[in-house]
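Have a look at the structure below, then the notes.
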Amino acid sequence: MGLDYKKIFYRANIAIFVALAENGKIVDCNDVAEELVGRKRQEIVGMHQTGLHPPEHKEIYAGIFRRHASQMSGKDIEEVVQGKDGRRIPVIVSARTMEMSGTNVIVGVFKDITDRKKAEKDLEKSEQRYRAIIRNIPGMVYRARRDWSVEFVSGCEKVSGYGSEELLGGKINWLDLILPRDREKAAREGAKCLESRCSIV
């Protein structure tokens with residue numbers, strides 16, 4: 001059974017733009033690409049590829065395109081496209097140079113990462129609230145990574161006399177803050193926690 005590659009291209013569930021490698025002129029795009037930028041294919045075809053991006057960053061994206069054109073393929077790059085309505089949409093772009101009907105083109109696959117960016121922003125806000133609460137707790141609070149290096153510490157100087165930089169920089173081990181008679185027990189309990197993959201706060 002023959003495959004209808006044209007139909008596969010137009011109906012792929014990710015945005016695809018095709019531009020001439022020599023000048024950046026867009027010569028085709030698929031249905032999801034239309035949805036991504038809020039433009040019909042007739043509007044997109046003929047545009048310069050920099051027209052997909054915020055105008056104030058035109059030179060930056062022109063440079064990125066030139067680098068793509070000089071390579072067969074490049075690393076995935078986080079970029080921003082601008083919709084017809086002015087919306088800024090974060091995307092991951094994977095581009096590859098190939099020959100089609102004797103002409104070199106760059107095929108760019110654009111993945112919308114709006115949801116991921118929102119989740120990252122929400123997580124950052126949550127982390128900021130968490131840190132603000134922790135900093136106002138009387139006493140010392142720290143969070144350790146699984147290798148026991150300190151990821152976050154607050155209030156350590158008042159309790160131990162050590163500055164947070166000393167713990168975060170690895171100069172002081174967390175066991176150094178525990179009385180010698182309790183260190184063996186603390187290390188044992190810590191090892192159990194690691195085995196059970198629990199959080200260490």
| note | Normalised per residue, the volume inside the convex hull of the alpha-carbon atoms of the stretch 86-201 in Å³ amounts to 202 Å³
| Low-density loop positions, GluC sites (Glu not before Pro), the stretch 1-109 - DSSP coil, at most 11 other Cβ in 10 Å | Glu22
| How much accessible area per residue does the chain have, in Å², with a 1.4 Å probe? | 66 Å²
| message | Taking only complete DSSP H runs, can you tell me which helices of the chain stretch 24 Å or more along their own long axis by Cα positions and average at least 1.6 on the Kyte-Doolittle scale? | response | none
| Within straight-line cross-link reach of Lys75, lysines at Cα separation under 16 Å, skipping those fewer than 8 residues along the same chain | Lys111
| query | Using only Cα atoms, what is the ratio of the radius of gyration of the stretch 73-124 to 2.2 N^0.38 Å? | reply | 1.46
| Solvent-accessible area, 1.4 Å probe, carbon plus sulfur percent, for the stretch 114-198 | 51 percent
| query | If the convex hull of the alpha-carbon atoms of the chain is projected onto planes in all directions, what is the mean projected area in square nanometres? | reply | 18.5 nm²
| task | Report the label-to-label distance for Ser126 and Arg145 in nanometres (one decimal), using points 7 Å from each Cα along the Cα→Cβ vector. | result | 2.1 nm
| remark: In terms of the alpha carbon gyration tensor, root eigenvalues a ≥ b ≥ c, rounded if a/c is under 1.5 and otherwise prolate when a/b exceeds b/c or oblate, the stretch 84-153 is oblate
| task | Would you work out the charge dipole size for the stretch 49-201 about its Cα centre, treating the Cβ of every Lys and Arg as +1 and the Cβ of every Asp and Glu as -1, and quote it to the nearest 20 debye? | result | 260 debye
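The values are calculated or read from the model by the stated rules, or taken from the named source; none is laboratory data. From a predicted model like this one, the values you see are computed outputs, not experimental measurements. Glycine gets a Cβ as well: all are built from the backbone with ideal geometry, and neighbour counts include every protein chain shown. Heads up: the accessible areas ignore ligands, DNA and RNA and are worked out on the full protein's heavy atoms, side chains in. Shrake-Rupley method; radii C 1.70, N 1.55, O 1.52, S 1.80 Å.
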